[in-house]
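Engineer: Can you keep this structure in mind? I'll have questions shortly.
The values are calculated or read from the model by the stated rules, or taken from the named source; none is laboratory data. Quick caveat: nothing in here was measured; it's all calculated off a predicted structure. Quick reminder, even Gly has a Cβ in these numbers, built from the backbone with ideal geometry, and neighbours come from all protein chains shown. What goes into the accessible areas is simple: the full protein's heavy atoms, side chains included, and nothing from ligands, DNA or RNA. Shrake-Rupley method; radii C 1.70, N 1.55, O 1.52, S 1.80 Å.
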Amino acid sequence: MPEDQVAKLTLGELPVEVLLDDVFRVIPAHDLLRLGCTNKFFSTLCNDDTLWKNKLMDDFNFSGEGTARTSGYKFLYRGLDKPRVFAWGDKGNGRLGVDRMPKTVINGAPYPIQVKIPGVRIVSLVAGGMSFHALDSNGNVHVWGTLNGSWGPHVANSRGFSNPEKQARVPHRLQMPAPIRAISCGRLHASCWDRSNKIWTFTNWGRPFHLAAPILQESDFSPKQIECGWAFSALLTKFGDVFVWWPFDGEMGQAIQEGFRKMDEDEKSDTNAFPKDGMIPCASWALQDVAPTRLPSLPTLPKLVQSSSGKEQTLQLIQIAAFENHLVGLTNQGHVLKFGDLEGEQAVIQGCWEYLPRFSELRQITEDAIFSESSDSPPKVQIPKTLKITHISANFMHFVAYSTGSSSIVLLGDTETKVDTPPKIIPELQDKSVISVVIGDYHNAALTATGKLMTWGAYSNGALGLGDPAKLEPGTPGGFADDRARQFAIERQRGEPPPVVVPTEVRFDHDLKHPRERFCFAVTAAGWHTGALVIDLEPGDDEGENVALEETFPKPIPRIGGMQSQGRGRGLFTSPIVANPGLFRFGHAAAGMHQPPPPSDGGAS
């Protein structure tokens, strides 16, 4: 097009895909809100959910990966002005990140308590076996608890955070070489992926190493997801390949220990990572000589989804989830597979991918009695017309596969699941718009698109978060079975309520003078503890501040390491949920459209 004609184009005459994917992503939020007030066309575009999802990543490092959320991104953008971090459950190893604990008769913190991390916006929270790792909007990692407290309370303070047993009783920030994109935790280790595409692993917080094997430098193996199992780490690449490594076992375990030994002998460098002003100065290094193990290709699989474009879709893994010695994979067509054994470098040679049709195919899933209708009673769960599993998660002994939307299906399996094993199906989790399911040792949590968090399973020193059992009405979820059991526990200052069978909602306003509506947008669990990220739905808060949340958008943090900086805007409150998931995009997006205007160790697992 001649240059003089290009100069005459108005904003409304640009292709919609250019506006949504390029122009609007660099416009500050308050300007988008004003533009949306000009006419119906811009109103529709400026409320596009995919646009706000992209701006969350650009401005706040918030990807929402690991959840099945399909809408409400504009609401979340507004809510990131002041996300709150909550943790609850076992108090051991400093894992709850607070100096003052609630006074309870029974062990643990039985309801959510706020973890203070001043001056940052936490956008992702991940639980380890005895710790938490939080990622902020600027790509910094904040840690608390103990990365490896399996040897008890002994701490060699002279070695700082080069010692995996060193405890961070309150949040500390890791000083890493580059901003972090995503992080995952195993029982005693963690791995993360930074903005320069380096893959890091922590067996202690003071000396993280990145995998420098040549094969990972190839463009075909650029990262898509990082995932930690019980004692191994895994990488999913953009083309569906999977690599695994064992930081405590085999050739890599020996190489890591040799690297630490050389650092101990280096008198010229401070590699013990003594904390200062809430910072842990990481002595980062490269693991050069050991490559991760590449898992075999997928087996031949049946066709589950017909491409809407008519083109044959290249079958590949798009998600992985790791737990004890096993990995679960999900393909772009909705196949769920399990790989084992991953106990170590030698065991993986015998491993293979097993397709799980009873977790993948609608006909086989609905053979469960829960979908059956008898002459005197309707089915407990309605059979969906269509089904595609879109998300998976796993931890310790169990995994979960689930679909999206108001008719979502949630299926539970474990390390013993085989090709013909039926999933466990909990009626109260079906058709609830579940977007995330997380698993501890013996407790579980499910998050819905409406911001409600539900937990079930063992009490686990308060990991259910349903309230102080000594104060709850006997017989209610989280409480004792009867008053006699409650009085017995109060008198002896010990005792445990029975497991909760039916998923029950968690409140986030304990210890406040007045009830408060809050919206949970992320949840994590491991060991005997749980954590969540929450935003307020009401003006003001319990600290006397008077912020009109429904009238503000947050101010993003300045660009660091490739993250964008935008301005502050003001706009009206928008509902976190819409009837149709996501505002429609016109084609991609309307090009050519007429444009009008092992057993648990007592909570230390």
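Engineer: If I go through region 358-389 residue by residue, how many of them are part of a loop (DSSP other than H, G, I, E, B) and either over 21 Å from residue 445 (Cα atoms) or at pLDDT below 95 (or both)?
Structural biologist: 22
Engineer: Quick one: which strands (runs of 3 or more DSSP E) sit completely within region 215-316 and have at least 2 residues that are open to solvent by 30 Å² or more (accessible area, probe 1.4 Å) and on the phi < 0 side of the Ramachandran plot?
Structural biologist: 223-228, 279-281, 285-287
Engineer: Give the residues of region 185-211 that are open to solvent by less than 20 Å² (accessible area, probe 1.4 Å) and in a loop (DSSP other than H, G, I, E, B), sorted by residue number.
Structural biologist: Within region 185-211, 186, 189, 203, 204, 205, 206, 207, 208 qualify.
Engineer: For residue 547, indicate whether it is open to solvent by less than 70 Å² (accessible area, probe 1.4 Å) and modelled with pLDDT of 95 or more.
Structural biologist: Spelling it out, it is not the case that residue 547 is open to solvent by less than 70 Å² (accessible area, probe 1.4 Å) and modelled with pLDDT of 95 or more.
Yes/no matrix, rows are residues, columns are (1) surrounded by fewer than 19 Cβ atoms within 10 Å (Cβ to Cβ); (2) under 16 Å from the mean Cα position of the chain (by Cα); (3) farther than 17 Å from residue 30 by Cα:
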| site | (1), (2), (3) |
| --- | --- |
| 58 | yes, no, no |
| 67 | no, yes, yes |
| 95 | no, no, yes |
| 101 | yes, no, yes |
| 106 | no, no, yes |
| 110 | no, no, yes |
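Engineer: Identify, from the list 124, 150, the residue that is in a strand (DSSP E or B) and either open to solvent by 30 Å² or more (accessible area, probe 1.4 Å) or among the hydroxyl-bearing types (Ser, Thr, Tyr) (or both).
Structural biologist: Criteria check complete, one pass: 124.
Engineer: Identify, please: which residue in region 422-450 is open to solvent by 40 Å² or more (accessible area, probe 1.4 Å) and either of a type in the set (A, V, I, L, M) or out of contact with any Leu (no Cβ under 6 Å at 6 or more places or on another chain) (or both) and is, among those, farthest from residue 404 (Cα to Cα)?
Structural biologist: Looking at the filtered set, the residue picked out is 442.
Engineer: Check off (1) within 28 Å of residue 437 (Cβ to Cβ); (2) modelled with pLDDT of 90 or more for residue 79 and give me the number that stays unchecked.
Structural biologist: Condition (2) is where residue 79 drops out.
Engineer: Step by step: first the residues of region 460-501, then only those that are among the acidic types (Asp, Glu) and in a loop (DSSP other than H, G, I, E, B), then the one that is farthest from residue 96 (Cα to Cα). Which residue is that?
Structural biologist: The extreme case among them is 482.
Engineer: Further, regarding this structure: Quick one: how many residues across region 112-130 are among the basic types (Lys, Arg) and under 18 Å from the mean Cα position of the chain (by Cα)?
Structural biologist: The number of residues fulfilling the criteria is 1.
Engineer: Out of everything in region 390-419 that is open to solvent by 30 Å² or more (accessible area, probe 1.4 Å) and of a type in the set (Ser, Thr, Tyr), what residue ends up being modelled with the highest pLDDT?
Structural biologist: Looking at residues that are open to solvent by 30 Å² or more (accessible area, probe 1.4 Å) and of a type in the set (Ser, Thr, Tyr), I get 390.
Engineer: If you take the residues in region 297-332 that are over 20 Å from residue 392 (Cα atoms) and of a type outside the set (Ser, Thr, Tyr), which one is modelled with the highest pLDDT?
Structural biologist: Restricting to residues being over 20 Å from residue 392 (Cα atoms) and of a type outside the set (Ser, Thr, Tyr), the top hit is 313.
Engineer: Can you list residue pairs whose Cβ atoms sit under 6 Å apart, with the first residue in region 119-136 being more than 14 Å from residue 80 (Cβ to Cβ) and the second being open to solvent by less than 10 Å² (accessible area, probe 1.4 Å) and at pLDDT below 95? Count only pairs 6 or more apart in sequence or on different chains.
Structural biologist: 129/605; 130/149
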